[in-house]
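Visitor: Got a structure for you, written out below as structure tokens; questions coming shortly.
Quick note: the coordinates plus some simple rules give every number you see, no bench work behind them. Keep in mind the model is a prediction, meaning the values are calculated, not measured. Positions of Cβ are generated from backbone atoms using ideal geometry, with glycine treated the same way; all protein chains shown enter the neighbour counts.
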Amino acid sequence: MKKITFFPQSFLKISMILFLIIFLTEIAISQNSIESKGSWKCYQNKIHHMPFLADKSPNSPKHSFDVLKYTLNLDLYNCYKNPFPHSFQGSEILSFKIDTALNSIHLNAVNTSLHIDSVSLSAISFSHLNDILTINLDRTYNAGEITEVTIYYHHLNVSDNAFFTGNGIAFTDCEPEGARKWFPCWDRPSDKALTDLTFKVPGNILLGSNGKLQDSLHTGDTIYYQWVSRDPVATYLMVITSKVNYKLDIVYWPMISNPSIKIPMRFYYNNGEDPSPIKNIIVDMTNYYSNLFGEHPFEKNGFATLNDQFQWGGMEDQTLTSICPNCWFESLIAHEYSHQWFGDMITLGKWSDIWLNEGFATYCEALWDEHVYGYTQYKSDIISDANNYFSDNPGWAIENPNWAVTTPSASELFNYAMTYCKGACVLHMFRYTVGDSLFFASLKGYATDTVNFKFQSSVIPDFMAKVNQVCNQNLDWFFSEWLQQPNHPKYANTYNFYDNGNGTWTVNFNASQVQTNAGFFKMPIEIKVSFIDGSDSTVKVVNDQNNQPFSFIFNKQPSALIFDPDDNIVLKEDTLSVGINENNSYNHSLILYQNNPNPFSYKTQIVFELPSELPVELIVYDVFGKQVYVIANKTMTAGKHEMEFISSGISKGIYYFTLKSGTQMLVKKMVVM
């Protein structure tokens, strides 16, 4: 274990002595179930060098001014001592560029948390009402000018669910809009800024924050920590993490492009915890994400466990992820760490673009499992996400334009079924649609685009435009249907086999969608045909209209057909039945209902209806078409029948159950948990 050491030479640094004098003067003036998934833990948290001018992708929100840098000096010294008050003194220098001529600026500052004492530099007066701090400037500034204001303030002794203290700890947790509770800011995700943060704390405190530890001045019983981010940070990703007698280990990652440069990965943890499972994989994980999405972008990174006040999973604060006590879980870290690329390096432009954060990070959990444990585990993760979506689908679209204007409640914004699970499934289906080569090229092209995205903000239309460019095709249809309309397709497909009489057979397939709560979903579809000689053939076609017929000719006799055999269109309901041929004489119609419950762990009920007394076969198959269990094979009376299926002896996974009578066959999918 490595601990911070404060070298005597630092005391001699004149710059730090001057800084200390200025800082003190300013203070004086101012006064494995779902719970095992990383995405679930992340969701739980969220539910309950000037100038830097290029900070937005083309369609990201514009504003009358852009914050360039936040310079904060906070005196937290008393927050670690009983009774652990929330109050502290602070000063802030706000550097900003004017985009539209103005003589005042408006900042977010919650009245119940912050009291503004005074302003200076270009600021001549202020008012603080309804959580808005209005600062009047000394003149009218024109577009392109840069200026600064200083704000002296103090945080009130209130618990506001953004700045936390207690039993020797002080930390922040800000998403979506909690930063405005501990410092005045333009609290919108698209307005990223450089940060220079200095904190006065007792000498037994370890404190981490964004960027690089620029310096630490240890004098008497006090430490002044200065953390500086060379890269812009969104306000909701700014962080304070500090505690009495924190443990600290550091693992160094050699940069791929220059192994002589070693990036520190800092692990802050509580007594009794063991972060070694993550310390042992962090280099591999960094290499993996770097190869997929471009080299690790920051000069430092790290993770810090908090206390029970942070009762959820994780929060991807830029270069220092917050996690719950003793939560050194691989899936959680895989999720949160991927946010350093998708969420931190590239930040959503508006809250309606939340898919670019949480959908991507949830999908990266599955990618990490594919890297370590193979494709089967990857697919199991995706199926789990799909099942969670089906169980709790709220019936709205992933992208809600209203959220760009009015920030929704946390339960809406971070809806687990939609934002996380459906979001990840959409990326899986995008991968299926364009193939691995274009899929991974799209993600890397997006994450390494220094003109529009890297270290900037992004909105979904700009991501779509980048994908179209990389893939050299217009894929707007895909993202429009899966992100901008609700729900999913419900297929009611039919097929038949026809003997052509010349040694060939025709397979006729009709792709039909019958959902009433969403429009048509264009998708590539796969059809697997099995033959009597034991072989099979899979064809892939584009289904771009409803009730679309397809015909395929084979030189051997088909015996069975499966729609979407690998379940790549994971967000769907589907039935498959033998279509009526003019040579068939039957005139009855079977009805097969979805089993309930589904998914299930032990037993489920299967219900079907017969129009008359008929011989029926009710059989369960696995995804490879192998017969698993015969529920019924007998003649049954007309009417509704209910039969129980017990999964004893059957491993968890996806199965199909078929109801067959004569030439008519109906198919439903069920999931054994």
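Visitor: In the range 58-105, what residues are over 33 Å from the mean Cα position of the chain (by Cα) and farther than 30 Å from D221 by Cβ?
Guide: T100, A101, L102, N103, S104
Visitor: Hey, can you tell me all the residues within the range 502-550 that are assigned to a loop (DSSP other than H, G, I, E, B), over 23 Å from V426 (Cβ atoms) and in contact with a Lys or Arg (Cβ under 8 Å, 6 or more places away or on another chain)?
Guide: Hits for the range 502-550 are I532, D533, S535.
Visitor: Of all residues in the range 479-491, count the ones that are crowded, with 17+ Cβ neighbours inside 10 Å and more than 21 Å from S391 (Cα to Cα).
Guide: Selection size over the range 479-491: 1.
Visitor: Quick one: count up the residues across the range 135-145 that are buried (at least 16 other Cβ atoms within 10 Å of the Cβ) and in contact with a Phe, Trp or Tyr (Cβ under 8 Å, 6 or more places away or on another chain).
Guide: Final tally of qualifying residues: 1.
Visitor: Can you pull out every residue in the range 230-247 that is in a strand (DSSP E or B), touching a Phe, Trp or Tyr at 6+ places or on another chain (Cβ under 7 Å) and within 19 Å of N167 (Cβ to Cβ)?
Guide: Selection gives I240, T241, S242, V244, K247.
Visitor: Does I116 fit the bill of being hydrophobic (A, V, I, L, M, F, W, C) and in contact with a Pro (Cβ under 6 Å, 6 or more places away or on another chain)? If you could, list the steps in order and put the result at the bottom.
Guide: Working: hydrophobic (A, V, I, L, M, F, W, C): yes; in contact with a Pro (Cβ under 6 Å, 6 or more places away or on another chain): no.
Against the criterion (hydrophobic (A, V, I, L, M, F, W, C) and in contact with a Pro (Cβ under 6 Å, 6 or more places away or on another chain)), I116 does not qualify.
Visitor: Exactly one of these conditions fails for Y289: (1) in a strand (DSSP E or B); (2) touching a Cys at 6+ places or on another chain (Cβ under 8 Å). Give me its number.
Guide: Just one mismatch for Y289, condition (1).
Visitor: Further question on the same structure: Name, by its number, the condition in (1) under 35 Å from the mean Cα position of the chain (by Cα); (2) in a strand (DSSP E or B); (3) not hydrophobic (A, V, I, L, M, F, W, C) that does not hold for P565.
Guide: Only one criterion in (1) under 35 Å from the mean Cα position of the chain (by Cα); (2) in a strand (DSSP E or B); (3) not hydrophobic (A, V, I, L, M, F, W, C) is unmet by P565, namely (2).
Visitor: Here is a list of conditions, (1) of a type outside the set (A, V, I, L, M); (2) farther than 28 Å from Y446 by Cα; (3) surrounded by fewer than 23 Cβ atoms within 10 Å (Cβ to Cβ), and S242 meets all of them except one; can you say which number that is?
Guide: (3)
Visitor: Scan the range 361-400 for residues that are among the hydroxyl-bearing types (S, T, Y) and under 22 Å from D344 (Cα atoms) and report the count.
Guide: So the answer is 2.
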